[in-house]
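Here is the structure we will look at, set down as structure tokens.
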Amino acid sequence: MLKGKRIVLGITGSIAAYKACLIIRGLIKQGAEVQVVITPSGKEFITPITLSALTHKPVISEFFSQRDGTWNSHVDLGLWADAMLIAPATASTIGKMANGIADNMLITTYLSMKAPVFVAPAMDLDMFAHPTTQKNLEKLQSYGNIIIEPQKGFLASGLEGKGRMEEPEMIVNFLDSYFNSSTQLKGKKIMITAGPTYEKIDPVRFIGNYSSGKMGFALAEECSKRGAEVTLIAGPVSLKCSSDIKRIDVECCEEMYQASVEAFEQSDAAILCAAVADFRPKTIAEQKIKRENDDLIIRLSPTHDIAEALGKMKRADQRLVGFALETNDEEVNAQKKLRKKNLDFIVLNSTRNEGTTFKSDDNQIDIISETETIRYDKKPKSEVAKDIIDKLETIL
């Protein structure tokens, strides 16, 4: 799907700049046309001559190429490209992108870009983990930029940790997958629930769970990439999503239920990924409950079963996907839920799979339908989201 695509490749001042040669080779091998824009510091790590020889195009670095009035138009590049890839992206460049500091040709090109922008960070582990870098990446993501997560590995500092730029082959595959899947859900309306719900006990306490919302948000981003019109109903989480996703923030099950029922009526499919509290206090104290004795009793009542309610509403032209998080008898319990809630398929994960589910960046799932069970290996939630949406596409 990269054949004929025009890619602006931004290269910054990182030791990983040498890997840009392999990215260029991979893109051109798949039929893409590549224009390199490099920062002044990037030229300290790799020469424009090498890059020009690989792309068969002059490398752009400065605003003015000669002293005769000739200049490089960042606006034209923004209109020309089908995508912009910044790899490697240093902490400095990420900060400039996030805050609109247009002091070099690469940043002005980014600010003029009409096409999707992909960012592949590369830096030492402490720089990547620093709150400033993480905040800047969150900001870029909220603007609709697509972050290609760095990997854990051996770094130029001699340390090991997360900050190593994703391998060139994987970056090329990432872009290829994006263009291959970017319109498969075009025109479809997908509703997704994500995160926990909080059920109040008193003004400062609640019943909740450990859900981070990462899986639901990954599903929303994947559907959006494939051209769907996404409504994301999110419980109380700190995650951000792309600006083209319609986000509805809720706190308790009652709010999520009301929003889900309303949105589902207009949807082609719904994915119920939220970890909704099954019970809520029968009464909510108006003031903070004081610790006066050791036998406090909180009486609970069931909350709405959102999956069951939507399963009863579901029309013949709609699809409904559920999640099952189990601690024992996983597949048996998931199959019962599949039938009871009138789901088209259910995504099963287990707390017994170490390093998955709550708060983790990874997950390990089975997809269960009436006719089959598909087992998957442990992988990042962004990749798990692709597996789930691939399955959804087969039944839409």
task: Only bridges with both residues in region 181-293 count here: give the DSSP antiparallel percent, nearest 5.
output: 15 percent
Rg [Å, one decimal], Dmax [Å, integer] - region 238-396, C-alpha atoms: 17.8, 58
- prompt: When the accessible area of the chain is split by element with a 1.4 Å probe, what percent falls to carbon and sulfur?
  reply: 49 percent
- request: Mind counting lysine pairs for me in region 91-231? Cα separation below 14 Å, and the two need to be 8 or more apart along the chain or on different chains.
  value: 6
- request: Please list the radius of gyration and Dmax for region 151-208, considering alpha-carbon atoms only, with Å as the unit.
  value: 21.0, 53
field: Kirkwood Rh, Cα atoms: Rg over Rh of region 202-289
entry: 1.02
- request: Can you tell me the alpha carbon radius of gyration of region 1-120 divided by the globular rule-of-thumb value 2.2 N^0.38 Å?
  value: 0.97
message: Just want the answer: with Cβ charges of +1 for Lys and Arg and -1 for Asp and Glu, which residue in Gly235, Tyr210, Ile24 is farthest toward the dipole's positive end in the chain?
response: Ile24
Dimensions (Å) - the chain, Cα atoms, principal axes, largest first: 81, 52, 37
field: region 314-396 - Debye-derived log10 I(q)/I(0), Cα point model, q = 0.26 Å⁻¹
entry: -1.36
task: Express in whole angstrom the spacing between the alpha-carbon centres of region 306-354 and region 205-268.
output: 17 Å
query: Which whole-number value in Å² is the accessible area per residue of the chain, probe 1.4 Å?
result: 50 Å²
- prompt: Rounded to the nearest 20 Debye, what is the dipole magnitude of region 1-140 about its Cα centre when Lys and Arg each give +1 and Asp and Glu each give -1 at the C-beta?
  reply: 400 debye
- line: Dipole check, the chain, charges on Cβ (K,R +1; D,E -1), about Cα centroid: among Leu310, Thr371, Ser267 the Cα furthest to the positive pole belongs to Ser267
- prompt: Which value, in Å² and to the nearest 10, is the accessible area of Met127 when all protein chains are kept and the probe is 1.4 Å?
  reply: 100 Å²
- request: Please report, in debye to the nearest 20, how large the charge dipole of the chain is about its Cα centre when each Lys and Arg carries +1 at its beta carbon and each Asp and Glu carries -1 there.
  value: 500 debye
message: Nearest 500 deg cm²/dmol is fine: what mean residue ellipticity at 222 nm does the chain get from its DSSP H runs of n ≥ 4 alone, each adding -39,500 (n - 2.57), divided by its residue count?
response: -9500 deg cm²/dmol
query: Using a simple charge model, +1 on the beta-carbon of Lys and Arg, -1 on the beta-carbon of Asp and Glu, nothing else, what dipole does region 110-175 show about its Cα centre, in debye to the nearest 20?
result: 280 debye
statement: If amide H atoms are modeled at 1.01 Å from N in the peptide plane, then the residues at a separation of 5 or more from Gly153, or on another chain, having amide H under 5 Å from its own are Gly161, Lys162, Gly163, Arg164
- request: At most 16 other Cβ atoms within 10 Å plus a DSSP loop assignment makes a site exposed; report the longest stretch of the chain without any exposed chymotrypsin sites (Phe, Trp or Tyr not before Pro).
  value: 211-357
Antiparallel DSSP beta bridges within the chain, percent to nearest 5: 30 percent
field: Those trypsin sites (Lys or Arg not before Pro) in region 123-204 that DSSP places in a loop and that have at most 14 other beta carbons within 10 Å
entry: Lys186
message: Can you give me the Rg/Rh ratio for region 195-236, using Cα atoms for both radii and the Kirkwood formula for Rh?
response: 1.16
- request: Please list Asp390, Asp362 in order of solvent-accessible area, largest first, computed with a 1.4 Å probe with all protein chains present.
  value: Asp390, Asp362
field: Coil-residue trypsin sites (Lys or Arg not before Pro) of region 217-292, DSSP, other Cβ within 10 Å capped at 13
entry: Lys282, Lys288, Lys290, Arg291
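The values are calculated or read from the model by the stated rules, or taken from the named source; none is laboratory data. Worth saying up front: this structure is predicted, and the values here are computed from it rather than measured. With ideal geometry, Cβ positions are generated from the backbone for all residues, glycine too; neighbour counts draw on all protein chains shown. To get the accessible areas, we keep the full protein, side chains included, count just its heavy atoms, and leave off ligands, DNA and RNA. Shrake-Rupley method; radii C 1.70, N 1.55, O 1.52, S 1.80 Å.
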